[in-house]
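Asks: So that we are looking at the same thing, I have put the structure below in structure tokens.
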Amino acid sequence: MKTSDLFVRALENEGVEYIYGIPGEENLDFLNSLKDSKIELILTRHEQAAGFMAATYGRLTGKPGVCLSTLGPGATNFVTAAAYAQLGAMPMIMLGGQKPIRKSKQGRFQIVDVVNLMKPITKYSEQVVDGNNVPAMVRESFRVCKEERPGAGYLELPEDIADEDSGATVFDVVEHRRPDANEKCLDQAAEMIKKAKMPLLLIGAGANRKRSSRALKEFIDKTGIYFFNTQMGKGVVDERHERFIGTAALSSHDFLHCAIEKADLIINVGHDVIEKPPFFMEKGGTKVIHINFFAARTDEVYFPQLNVVGDICSSVGRLTEKVGGLSQDMSYFGRVKAHVDERTTKYFEDRRFPILPQRLVKILRDQLDDEDIVTLDNGVYKIWFARNYQCHTNNTLLLDNALATMGAGLPSAMVAKQLYPNKKVVSVNGDGGFMMNSQEIETAVRMGLDLVVIILNDSAYGMIKWKQEGMEFDNFGLDFGNPDFVKYANSFGAIGHRPDSHDEFQSILKHALNSPGVHLIDLPVDYSLNHSILNVLIKESRSIG
């Protein structure tokens, strides 16, 4: 059979459901082979968005998402998405095309060494030079990009190789069980927890990936330990739990950092230094036990005293048996929880308009069910959602705290809705981030998605404005103009809305959540409290007796 047919068969063998992307002339053999496949091609309007969609598929399913581009400029548009998947530990395979490698009549036209370009930001990057190698290369790329720590891969299929015949056959997909942690390490961890005066549990993104929620909840319930999470660890354990202190939305000086500073031991489950630090370690200070699929990567702010390496769910379950109930007086953490709850909910009922981000958080939480999904682009509102949006289950608030790129919020929401059509999905974007991939509104309409997209409109790069003010610099270089978002949405076949009051927004949101189609809401936002709360108040109100 043709190599392109074999390639598609190998992808089918891996269980690929969708390929997101934009083909070019170098992919035409592959595209023709894909035509009769059960794999569905989702044509996007930009390769970066296709990459974000594939990465989100990987994040939500645990299986590598797949995206497609042509050579040169198409492939280089994957770079940001590759970094997004690699840093965020989302399994993803990028497929690229290339000019014929045996004989080409176009010289170096459009040719970039994409394979080597991708190597620093992927786990696997190779060019197919012989059609007989396709089954092994596809199998290996999927294996490598799925195993811990997950990440991105790139496979390049040149035009002439795609057209040649191959007699190879696909390999069986062989799964393997992740190894368990060493018994002595678990005994040492249990002893450290029992001896600690003020132990505290941190839940990070790694726990979110492998759905270790039940094991962690049993550990918390049996030990009575208090816990907090990183931004990407939200919802692993229901945040309504009486022992939940809050989310570390900042690296230091957040409301809950007084608890972190009081703790003499932090049991850190599923976190690594690629996510923005939830706290800074200091030599001679709080000890840390690192529980993850891999050992901690040591740097200046994170150097755990013990690594418990192995399957997270198994490690936590065995640790629960070894530790049992704790007798330490941890009532201080209860007072911190009350303090954090009071501070984070302070503006929940504020009905001013333009709307406060805190109030938006409350409105969305009230109107969405436990399993519904909110996706965030990147901006200052992400801090408010990370701190104030209460997640009742995992992967219901999708944000990026690793690469922290703009432009991923809308593509992430599209895949979430595609995978979970019975869940309500809301994409919250700043006006800056939204415009970076706003063309995908047309893709969402073409896919027939029922989706709500909220644009927080302040006609500026608000996150950097907040940082600028905090550093006492003049307001400069961050303001811009916006299109008429209602007309813009309507031009794509979506339904645009622009509320003029707080009550009208609530009414529009309720209508949009319960109506078919893509609904875009142009929502004016009030960021006037960002500096006074995030730069001033949290540093002045953290003393708890």
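The values are calculated or read from the model by the stated rules, or taken from the named source; none is laboratory data. Note that the coordinates shown come from a computational prediction; the quantities given were computed from them, not determined experimentally. Because the Cβ atoms are built from the backbone with ideal geometry, glycine has one as well, and the counts that use them run over all protein chains shown.
Asks: Checking the condition among the hydrophobic types (A, V, I, L, M, F, W, C) and touching a Lys or Arg at 6+ places or on another chain (Cβ under 6 Å), which residue from Phe385, Phe348, Phe333, Phe303 passes?
Replies: The conditions single out Phe348.
Asks: OK, next. Looking only at the range 160-196, count every residue that is exposed (fewer than 14 other Cβ atoms within 10 Å of the Cβ) and touching a strand residue (DSSP E or B) at 6+ places or on another chain (Cβ under 9 Å) and tell me the total.
Replies: 3
Asks: So, in the range 278-295, of the ones that are assigned to a strand (DSSP E or B) and farther than 16 Å from Ser212 by Cβ, which residue ends up farthest from the chain's Cα centre (by Cα)?
Replies: Lys287
Asks: List, please: which pairs have Cβ atoms under 8 Å, are six or more places apart or on different chains, and start with a residue in the range 284-300 that is at negative phi and end with one that is outside any loop (DSSP other than H, G, I, E, B) and among the small types (Gly, Ala, Ser)?
Replies: Ile289/Ala189; Ile291/Ala189; Ile291/Ser315; Asn292/Gly206; Phe293/Gly206
Asks: Which of the residues belonging to the range 306-357 are farther than 25 Å from Arg243 by Cα and in the same structural domain as Asp221 (by TED's automatic domain parsing)?
Replies: Those that are farther than 25 Å from Arg243 by Cα and in the same structural domain as Asp221 (by TED's automatic domain parsing): Val309, Gly310.
Asks: For the range 475-490, state whether one or more residues are at pLDDT 95 or above, assigned to a helix (DSSP H, G or I) and farther than 20 Å from Ala413 by Cβ.
Replies: There is at least one residue in the range 475-490 that is at pLDDT 95 or above, assigned to a helix (DSSP H, G or I) and farther than 20 Å from Ala413 by Cβ.
Asks: Let me ask you something else. When you go through (1) farther than 18 Å from Ser141 by Cβ; (2) surrounded by fewer than 18 Cβ atoms within 10 Å (Cβ to Cβ); (3) not β-branched (Val, Ile, Thr) one by one for Gly15, which number turns out not to apply?
Replies: All conditions are met except number (1).
Asks: Those residues that are small (Gly, Ala, Ser) and closer than 15 Å to Ser212 by Cβ, I need them from the range 296-326; list them, please. So that I can check it myself, show each step before the final result.
Replies: Looking only at the range 296-326, we keep the residues that are small (Gly, Ala, Ser), and these are 296, 310, 314-315, 317, 324-325.
Gly310, Ser314, Ser315, Gly317 - these are the residues of the range 296-326 that are small (Gly, Ala, Ser) and closer than 15 Å to Ser212 by Cβ.
Asks: Taking the range 496-518, which residues are over 20 Å from Gly433 (Cα atoms) and among the aliphatic types (A, V, I, L, M)?
Replies: Ile508, Leu509, Ala512, Leu513
Asks: Scan the helices (runs of 4 or more DSSP H) fully inside the range 406-459 and keep the ones with 3 or more residues being under 14 Å from the mean Cα position of the chain (by Cα).
Replies: By residue number, 409-419.
Asks: Of the numbered conditions (1) surrounded by fewer than 20 Cβ atoms within 10 Å (Cβ to Cβ); (2) part of a loop (DSSP other than H, G, I, E, B), Thr320 satisfies every one except a single condition; which is it?
Replies: It is condition (2) that Thr320 fails.
Asks: Looking at the range 194-277, what helices (runs of 4 or more DSSP H) fall wholly within it and have at least 3 residues that are closer than 24 Å to Gly317 by Cβ?
Replies: By residue number, 205-209, 213-223.
Asks: Moving on. Check Arg335, Arg343, Arg365 and return the single one that is part of a helix (DSSP H, G or I) and within 21 Å of the chain's Cα centre (by Cα).
Replies: After ruling out the rest, the residue left standing is Arg365.
Asks: Ok, one more. Pro150 fails exactly one of the following numbered conditions: (1) out of contact with any Leu (no Cβ under 7 Å at 6 or more places or on another chain); (2) surrounded by fewer than 18 Cβ atoms within 10 Å (Cβ to Cβ); (3) not in a helix (DSSP H, G or I). What is the number of that condition?
Replies: Just one mismatch for Pro150, condition (2).
Asks: Something else about it: Sort out which residues of the range 329-345 are under 22 Å from Asp264 (Cα atoms) and crowded, with 16+ Cβ neighbours inside 10 Å, and write them in order of number.
Replies: Restricting attention to the range 329-345, the residues satisfying the condition of being under 22 Å from Asp264 (Cα atoms) are 329-340.
Answer for the range 329-345, where residues must be under 22 Å from Asp264 (Cα atoms) and crowded, with 16+ Cβ neighbours inside 10 Å: Met330, Tyr332, Phe333, Val336, Lys337, His339, Val340.
Per-residue answers, yes or no, for (1) under 20 Å from Ala85 (Cβ atoms); (2) modelled with pLDDT of 95 or more; (3) not assigned by TED's automatic domain parsing to the domain that holds Glu275:
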position	(1), (2), (3)
Val374	no, yes, yes
Asn388	no, no, yes
Asn401	yes, no, yes
Ala404	yes, no, yes
Ala416	yes, yes, yes
Asn437	yes, yes, yes
Glu442	no, yes, yes
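Asks: Would a scan of the range 456-465 turn up a residue that is in contact (Cβ under 8 Å) with a residue 40 or more places away in the chain, surrounded by fewer than 24 Cβ atoms within 10 Å (Cβ to Cβ) and aliphatic (A, V, I, L, M)?
Replies: yes
Asks: Kindly indicate whether Asp370 is touching a Ser or Thr at 6+ places or on another chain (Cβ under 8 Å), assigned to a loop (DSSP other than H, G, I, E, B) and surrounded by fewer than 14 Cβ atoms within 10 Å (Cβ to Cβ). Spell out the reasoning first.
Replies: Numbers: touching a Ser or Thr at 6+ places or on another chain (Cβ under 8 Å): yes; assigned to a loop (DSSP other than H, G, I, E, B): yes; surrounded by fewer than 14 Cβ atoms within 10 Å (Cβ to Cβ): yes.
When the stated conditions are applied, Asp370 passes them.
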